[in-house]
Every structure is written in C-alpha cells, then in structure tokens.
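Here's the structure we're looking at; comments come further down.
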Amino acid sequence: MYALPFLVIMRLHRLALDARRRDRTWRYYAYSVVAGTLAAILAVVALLAAYAMWEVGWWPLAIAMLVMFVAPPLQPVLSRRIFVPLGLVRTAFWAGHFVSMDDSDAYALCCAAWAHARKPTPAGEAWITARRDKRIPLGDSEIVVTALLAAGRGDVETTRQLMRSASYMVENHPLVREVAGEWLAVDAAERGAWAELHASAISARYPASALTYFLEGVAARRVDAKKPPGDFELRARWLLAPHRRATRMLLREPAVAPPRSATIEAAPGEGGARQAAVASLPRAVAAHLELSQTRKPSLDALAEAVTAWDAALVDGETQKWLARRALELDAPLGAVDRAIREVALAVTDDLARLADAASLGAPTAHGPVGDALARRLRHGRLDALESGFTRWEQRRHTGSVRAPIDEWREWVALRTAYEAAVSAGGLELRRLAFPHAYSKGTSMAVWLWNSRNEYALSHAISAWLREEAMAVGDTEAIELCTRNCKLNVPTRTGDVRGA
Amino acid sequence: MAPNVVDNPFLVLGLSPDVSRIEIEREAHKLLGMLELGFADVQTYATPLGPRPRTAEAVRAAVAALRDPYQRLVAELWARHAPPVKASAPVETAEESRPAPSLRRALGWRP
C-alpha cells in the first residue's frame, strides 16, 4: 500500500523517458526535467528506506532495496560515469537489466558491450558473445552489441557500418537505438561530418540521448540549417548533456581556416622555362595530377580531368607532334597510335581506380578516355556486385549455415556495396544491377524466413528490395516484395505488423 | 598515372626531354658513380609532386627505357607536358573543420 506512490512515480519516470525518446521539440526539455526530478525523488526515497532498514538490522532487505529501487533510476549516470569507464562488463549488464522489464537482456547486453568497448578483455568479449549468441532470432540489440565488440577491437569502419544497419531492423528497442544513435552522433562529430549528423537528426532515425540532442544542435548550426537552435537553446542542450567539459568547445562557432589548396600548375606555355609541345596536354596532365592528390576527389574534378584528356588525345596537334618525334627518334611503324592507346589506357586505369576509391560515377564525357572509363566503371561494379550476390545465395544450396549476425553482416556488406555502386553509376547502373540483386535477395529472404526463422533479418532484405524495386519501377518485384513485407514479423518486443 | 610522371626517366635522370642520347648515357654514368659514393645531392630527384628517392636501379631502368625509341617517345610525351617540378611536397588541402581527434574518447566512447 505504502509502496504504491513509489511505484507510480517509477512508472511516470519511465514514461517521461520514453516520451523524450520520441520527441525533438520543446517537450524534450520538459520531459528531461520531469524525468530528472522523478529520478531524484525515487533515489532519495529508496535511499532513506534502505538506510532505515539497515539501521534496524534488515541489511539484506536494504541491499535488495538499493539494487531494485535505487539503481534503476540512476542507471544511466552509474553506467556512463562508473561501470563503463572502469570496464565493469557484468556490473553494467546487471545494472542495465533492471532498467526495463521488456526484453531486459537487450539493453543490458548493450551496456555490457559498451563497458567492454572502453576496456576490452578477451574474457569480457567471450562472456558477451556467449550471451549474444543465445539470443535467436537476430534483433537490433545483437547488431549493436556486435558493433560495440568491433569498437573494442578498434575497428571503427565495422562499428559504423553495423550501427547504421541497426535502423534497417524492424525490431525496435528504444534504449538500444539510443545507444546506437549516440555512438553515430559522436562518430560524426569526431569526423566533422556535421551534414551527415544533421540529416540523421531531421529523419529522427534514432531516439536522441541528451548528448546526441546537443550534438545535433551543434550540427544544425554548423550546416546553416533552416531553424538552428539559438544560443540559449543550445546552452540548455549542453547543460542537459553529460561530458560538459569536453563539449564546451563545441558551443563556440568553429574558426574557419583559410582554404589552402594543393594546386598543381600546368606546364608553362610560351615564355615559360620549358615550352609544352602541345597546348592541350599540360592541362590534362595537371588536372589529372591534381585529382590524384586530392583526398576526396569530386565528380566535377574527375569530369574536368576526363574532358581534358579526351580533348588532348584527339587533338590534331598531339598526333602531329608525336608523328614528328617518332620520325626523329626512328621509332617503329605505328608508334604514334600505339603511344596514344597506351596513354589512354594508363589514364583510364588510374582514373577508374580514383573513381572507385571515391565512389564516383563516370562523367558524361565522350572520347577515348571518357567512353573507356564509363565502360570500365559500369562493368567492374556490375561484375563485383553480381559475383557478391551469387556467392551469398549459393550458401543456401550448399547448406553452409552461418550465425545470424554473420548472415546480417554479409547482407549489410552487400547492400553497402550495391548502394555505393548505384550512387556512383546512377539510374542506368541501378536498373542493370537490380534484377540480379532481386533474384538472389528474394531467394535468401525466403530461406531465412522459412528455414532459419530469422524473421526480422528476412523482413529487412524484403523491405530493401521493395525500395529498390520502386526506384527502378519493377512492378512484378514491387508486388512480390510488398506481399513479403506485409507479413507480421515476430520479434522479442511483440509482433510487428508489416507495411 | 602518377607513376608515369613521378617515375619518368627524364625526371629520374634530372634531364630535359631535348637531350641527346650521348648526354643521357653520360648523365647516367655520372649519377651511378655519385650514388655509389653516397653523395647526398643525388639521393633524391625533383618531380611535380615533390622529391622522390633516387636509386641505382631506377637510374639503370631510366637509361634502358630511353635507349628504346618507342619508350623514349612515350617518356617525352609525359615529361614535356608535366607540370613544373617542385623541390618540396605539395601542401594538403584543408577540408572540413574538425574538432579535436580525441572527442570520441572524451565523450565516453571508443575507438
């Protein structure tokens, strides 16, 4: 009877936190204040009760009181400030366990993996992996836990890829998603990828922790968003967020460094120390060298180099100069054509390598380099995608069964490669790549659903194939994928109605 | 394509594309001798992308390439139209404004 108000406050505290996770407006601040106040009341009352029990000699009850009623409202602070920095994997797990009644292992494992990521040990990894592998079928928490294990190994690329992939899952543990969202927000801030962080905030892909919400505010100001938070609002977000000392510098606007460019000059023309024999070639060589020296080449820079090469190699002056020098040097017959072919091949090889590394599409230029580059990029990317999808689907026939998380990683890697290729190759490449991805993807989705009971994984594949089918306008594929997506997906948080 | 420019035989030998075959041979002998004696001046050669290390193997490969008329034609094509050589490496382009690299750790995350 006396515990009833306490339980009501506890419930209200959880409701306030849940409501905050769904919001990114002024209500976020209101729910934060409410949740903070209720947590303080809960902790003080439970502490007083535990103290009273200790005093009268009921110390087992006092300890139980501390564990059951003091730890849950203070868990975010305890985890972040004590368990995680000290790498207390099991303590972080059990503290996280009491926070939620709904599939409590999901968030608890994430807390344990977070602590492991800070202070990785082989024993900690083995303990987390064993607990994760018991959880079948695959859900979002297993993905985030695996990402944090990769973080513990220092593998930032895998961590990023897996954290991003959690949003493809239909199973949704808000507490787990909050952890993934915070890691991605901090990662984006670390890389200075403010536009990426702002795009994620607009789409509200993940529930925002107080730290995420602050970093999103910083991102909105740095990318000149339509409605960035004002000084007062940003300071309020900063006050709500943890690690204020470390984030204080983000409150200030960045000092914009004057752009320093590693420009490469073209060979001097008339009057220079060394006169170029053909006017168009120096421009091509300089544009190409500049492109190869840029850390992130742009499509415009690639197009400029390709156009310059096409112009230079079909230029009559180039042919004339080569013919004259071939004669003077007593070069063999056909040396001019062979030299032009050799240069075009070397240039195409190098430009294709640069374009692949930067995931750039082929520019719309026609000539010996432009045409060859377009062909090379399209065929190379299509071949790589087709062999990847074929290898993936062959496992169904060879009976080579992998752990659910490995199935997920393989599919995420294929999807990432597909998206990189189609974003570089445009709609034309997308239309060419989709039929193969569709036939192999559907086959795997059916197998994973029917034979492996990996419903959420199968649904993620079908949902992605439907998106792609819509993008390329394949009506038969849209129909089939929509039917697959409409199936109810059994998850640990209940059946998710397909859409 | 960068190898065609930075490993160009004319640049390796430090010669202009107009030189005669005799001058090429003479310069190669001189460089090989100086490299064997360990002269500091000849340990690197200038390219449009900054200095590169010069080895006896590279010098021999360069002179062998320039003895072949076809290979010399191609080498001339690159050497005549390459940008001017630079004594030091080019400065990298400043990109997005980044906060301190330790931000992730300071905010409680790894790696």
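Listing for the model above:
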quantity	calculated
Tally of residues being acidic (Asp, Glu) and either more than 19 Å from A:THR493 (Cα to Cα) or surrounded by 24 or more Cβ atoms within 10 Å (Cβ to Cβ) (or both) across the stretch A:100-151	3
Looking only at the stretch A:304-333, and only at residues there that are over 52 Å from the mean Cα position of the chain (by Cα) and outside any helix (DSSP H, G or I), the one that is nearest to A:PRO282 (Cα to Cα)	A:ALA331
Residue ID - surrounded by the fewest Cβ atoms within 10 Å (Cβ to Cβ), chosen from residues in the stretch A:152-174 that are within 14 Å of chain B (Cβ to nearest Cβ) and among the hydrophobic types (A, V, I, L, M, F, W, C)	A:VAL156
Helices (runs of 4 or more DSSP H) wholly inside the stretch A:79-171 containing at least 3 residues that are over 18 Å from the mean Cα position of the chain (by Cα) and either farther than 19 Å from A:TRP183 by Cα or of a type in the set (Gly, Ala, Ser) (or both)	A:89-97, A:104-118, A:122-134
Filtered residues of the stretch A:44-58 (kept if free of Cβ contacts under 8 Å to residues at least 24 places away in the same chain and not in a loop (DSSP other than H, G, I, E, B))	A:VAL44, A:LEU47, A:LEU48, A:ALA49, A:ALA50, A:TYR51, A:ALA52, A:MET53, A:TRP54, A:GLU55
Unique match (being surrounded by 13 or more Cβ atoms within 10 Å (Cβ to Cβ), at pLDDT 90 or above, at the interface with chain A (Cβ under 9 Å from one of its Cβ atoms) and within 21 Å of the chain's Cα centre (by Cα)) among B:LEU73, B:LEU35, B:LEU66	B:LEU73
Every residue from the stretch A:202-219 that is within 19 Å of A:ARG244 (Cα to Cα) and without any contact (Cβ under 8 Å) to a residue 24 or more places away in the chain	A:GLY217
A:PRO85 being within 19 Å of A:VAL145 (Cα to Cα) and either modelled with pLDDT under 85 or loosely packed, with under 15 Cβ neighbours inside 10 Å (or both)	yes
Filter result (within 8 Å of another protein chain (Cβ to nearest Cβ) and surrounded by fewer than 19 Cβ atoms within 10 Å (Cβ to Cβ)) within the stretch A:294-333	A:THR294, A:ARG295, A:LYS296, A:LEU329, A:ASP330, A:PRO332
Residues of the stretch A:290-328 that turn out to be modelled with pLDDT under 85 and aliphatic (A, V, I, L, M), as a count	1
Residue match in the stretch A:451-459 (condition: loosely packed, with under 15 Cβ neighbours inside 10 Å, in the same structural domain as A:GLN394 (by TED's automatic domain parsing), under 30 Å from A:GLY370 (Cβ atoms) and in contact (Cβ under 8 Å) with a residue 60 or more places away in the chain)	no
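The values are calculated or read from the model by the stated rules, or taken from the named source; none is laboratory data. Predicted model only: the values in this text are computed from it and were never measured. Note that we place each Cβ from the backbone using ideal geometry, even for glycine, and neighbour counts take in every protein chain shown.
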